[in-house]
Amino acid sequence: MIRLSGISKVYRVKEDASREMRDFYALRDVSIDVDDGAIFGIIGRSGAGKSTLIRCINMLERPTSGRVFINGTEMTSLPEARLRNARRRIGMIFQSFNLLSNRTAFGNIAFPLELAGWGKADIRDRVREIASLVGIEGKLGQYPSTLSGGQKQRVGIARALANRPEVLLSDEATSALDPQTTKSVLHLIRDINEKLGLTVILITHEMNVIKEICDSVAVLESGKVVEQGPTLKIFTSPMEAVTRELLSQVIQSELPESFADLKFSKVPARGEDLILQISFFGSVAADPIISDIVRKFDVDVNILAAHIGHIRSTPFGTITIQLSGDEKEGALEFLMDMKLRTEVIGYVARPSDITH
Amino acid sequence: MSRDLLTLLIRGTLDTLYMVGASSLIAIALGLPLGVTLYVASDVGILRNRPVYSVASFVVNIGRSTPFVILMIAIIPFTRWVVGTSIGINAAVVPLSVAAIPFVGRVVESSLREIDAGVIEAAQSMGASPVEIIRKVLLPEGLPGIISGSTLAVINLVGYSAMAGTIGGGGLGDIAVRYGYQRFMPDVMIATVVILVAMVQAVQLAGDKLSALARHDRKN
C-alpha cells in the first residue's frame with residue numbers, strides 16, 4: 001500500500017513585477033492511497049504538478065510537508081543512504097526513456113543490478129529473463145540510438161523491473177510514442193502488473209492512458225487533487241469541469257454544429273425537442289434502451305452523438321439523443337429510473353435542417 | 001641537410017613528444033577530477049556547492065587567462081621545487097601541465113553539462129550514490145566529449161611546448177629558434193614547422209577516431 005498524506009511542495013519564486021519573493025505551491029495538501037497491485041493514474045494538464053507529485057514518491061523531489069509511505073516505510077524520513085536502498089525497490093520509467101547512450105540495451109538493464117551488487121552471472125541470467133518478458137531479447141546487443149521509441153521504452157521498463165521492485169512509477173511513459181506503440185506499451189505495463197503483482201503509479205495528460213489500464217484515477221489541477229475514484233466512476237460521472245474537459249479527449253459528446261447557436265431552455269415548451277445525454281456502463285450497455293423507449297412511448301429518437309468504449313473490460317458509453325413527440329416526459333422518467341446517468345441538456349426548438 | 005641536423009631534428013621531435021606526452025597525461029589525470037568537481041558542484045550538479053564551485057572556477061580562470069609565456073616564467077620557483085631545475089625538458093613539463101590542467105578541467109565540465117539531466121535522474125531513481133553516478137553515468141556518457149576536448153588540449157600543448165623550448169626547454173621549438181632563427185637556417189625552420197604540423201594532424205586524427213569509437217548516441 002502506498003499512502004501519500006498531505007503532500008505539499010512549495011517553491012520560492014521571484015515575482016516578475018515586484019521582484020519580491022513569494023511562495024509557489026506546486027502541490028497543495030495532496031493525499032492519495034494506492035492499493036497493492038493496483039494501477040493508479042494521476043492525470044492533469046501540463047503544469048498541474050504531476051511530475052512533481054510522482055517525484056515526491058521516490059524523493060527525487062522532497063515534499064515541503066506531508067508524508068509518503070511505501071509498504072509501511074516512511075520515505076520522507078529516510079536518511080540519504082537508506083533512501084537509496086529504498087529506491088532500489090521502486091522502478092521508474094520516463095517519457096524520454098533516459099537510457100544510457102553509451103551502454104547497450106543489455107548494459108542498461110544490468111545497470112540497477114550492478115548498483116544492487118549482483119554478481120556477473122546472476123546479472124546475465126536476470127537481464128535475459130526480464131528482456132524476454134518485455135519482448136526485446138533480440139535487441140540486447142544494440143545501443144539505444146539504434147532502437148525505435150517503443151523498443152527504447154521496453155528497455156526502460158526492463159531496467160525498471162530488473163531488481164524486482166514492488167512499485168513501478170511511470171512518468172508520461174507513452175507520451176513520446178505513436179498511438180499504436182502507446183497501446184502495446186500500455187498493454188505490456190498491464191501484463192506485468194498482473195503477472196508480477198506490482199503496484200503501478202503513472203502520470204499522464206492523456207485520458208486514453210487512464211482508460212486503457214488504470215483501475216483508479218486522481219485528477220490534479222493547480223497542485224490539488226480535485227477528484228479521485230475508480231476509473232469507471234470518473235468516466236461515467238465526472239464532477240469537475242477539468243475532468244470533463246480531459247474526458248472530451250476520449251468521449252466525443254459534442255452536439256452537431258447545427259445545434260451550436262440554438263438556445264436551450266430547462267423547461268419544456270410546446271413543439272420543442274428534448275436533448276439528453278445518457279452515460280451507461282457495465283451490463284446496461286448491452287440493453288436495447290433506444291428501441292425500448294420508442295416501443296413504450298410515443299416518441300421519435302434521433303441520435304446526435306455517440307461513443308462506446310471499454311474501461312479495462314467493462315463497456316461504457318455516452319450517447320446524445322434528441323427526443324421528439326408527445327410522450328417525451330414519460331420517456332425521460334423511464335430513462336431516469338434506469339441504472340443510467342441521464343443528463344438533460346435542454347429543450348430546444350427544432351432546427352429547420354434537422355426536421356424535414 | 002646534414003646527418004647532424006637530421007639527428008638534431010629527430011632528437012628534437014622525441015623531446016617534443018616527451019614533453020607533450022608527459023604534460024598531457026598529467027593534465028588529463030588532474031584536469032579530469034577538477035572538471036568533475038566543477039560540474040558536480042555547479043548549480044546543475046548532483047552535489048551543488050557554491051563555495052567549492054566559486055573557488056575552483058576562480059582558480060581555473062586565473063590559469064586560463066595567464067598567457068603561457070608569462071605563466072612559464074612566473075612559476076619557475078615552483079618548477080625548481082618540483083623537478084630541481086628550471087631548464088630542460090623535464091622542467092618544461094611542469095608549466096605545460098599547469099597551463100593545460102584548467103583547460104582540461106573546463107573541457108570536462110562542459111562535456112558533462114551536455115549529458116541529459118534525465119539520465120542522471122534515472123540513475124538516482126535506481127538508488128545510485130553520487131560516486132556511482134560519477135563513475136557509471138557521468139564519465140562514460142561524457143567520454144566522447146572528454147576525448148575531443150582533451151585532443152584540443154594536446155594540440156595546444158604541442159604549440160606551448162615550442163614556446164617552452166625558447167626558454168631552454170628543448171624540443172623542436174628550441175631547435176627552430178637556435179638554428180632556424182639565430183643561425184639563419186630556413187631549411188631547419190621549415191623542417192620543424194612541417195614536423196609540428198604533422199604532429200598536430202596526427203593528434204587530431206587520433207582524437208577524432210577515439211571519440212567516434214566511444215560515441216554511441218547517434219546512428220552511424
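Tabulated data
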read-out	value
Selected residue (criterion: nearest to A:Leu247 (Cα to Cα)) from residues of region A:34-80 that are hydrophobic (A, V, I, L, M, F, W, C) and assigned to a strand (DSSP E or B)	A:Ile43
Where a residue in region B:118-133 is of a type in the set (D, E, K, R) and its partner, wherever it lies, is buried (at least 23 other Cβ atoms within 10 Å of the Cβ), with Cβ under 7 Å and at least six apart	B:Glu121/A:Asn98
Meets criteria (charged (D, E, K, R), within 9 Å of another protein chain (Cβ to nearest Cβ) and in contact (Cβ under 8 Å) with a residue 60 or more places away in the chain) for A:Arg103	no
B:Ala153 vs. criteria of a type in the set (A, V, I, L, M), crowded, with 19+ Cβ neighbours inside 10 Å, away from every other protein chain (no Cβ under 14 Å) and touching a residue at least 24 places away in the same chain (Cβ under 8 Å)	yes
Residues of region B:104-114 satisfying the condition of being surrounded by fewer than 22 Cβ atoms within 10 Å (Cβ to Cβ) and either modelled with pLDDT of 95 or more or part of a helix (DSSP H, G or I) (or both)	B:Arg106, B:Ser110, B:Arg113
Complete set of residues in region A:127-145 that are within 13 Å of another protein chain (Cβ to nearest Cβ), within 30 Å of the chain's Cα centre (by Cα) and not small (Gly, Ala, Ser)	A:Pro144
Test: residue in region B:126-147 that is on the phi > 0 side of the Ramachandran plot, within 11 Å of chain A (Cβ to nearest Cβ) and crowded, with 18+ Cβ neighbours inside 10 Å	yes
Positions within region B:1-52 being surrounded by fewer than 16 Cβ atoms within 10 Å (Cβ to Cβ), acidic (Asp, Glu) and either modelled with pLDDT under 90 or assigned to a helix (DSSP H, G or I) (or both), in sequence order	B:Asp4
Any chance A:Gln95 is within 20 Å of A:Arg55 (Cα to Cα) and either of a type outside the set (Ser, Thr, Tyr) or away from chain B (no Cβ under 14 Å) (or both)	yes
Which listed residue is crowded, with 22+ Cβ neighbours inside 10 Å and of a type in the set (Gly, Ala, Ser), from A:Gly41, A:Gly72	A:Gly41
B:Gly118 being surrounded by fewer than 24 Cβ atoms within 10 Å (Cβ to Cβ), touching a strand residue (DSSP E or B) at 6+ places or on another chain (Cβ under 7 Å) and within 14 Å of chain A (Cβ to nearest Cβ)	yes
Any chance A:Arg124 is crowded, with 18+ Cβ neighbours inside 10 Å, away from chain B (no Cβ under 14 Å) and among the charged types (D, E, K, R)	no
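The values are calculated or read from the model by the stated rules, or taken from the named source; none is laboratory data. Since the structure is predicted, the reported quantities are computational estimates derived from the model, not experimental observations. No Cβ is skipped: glycine too gets one built from the backbone with ideal geometry, and neighbour counts run over all protein chains shown.
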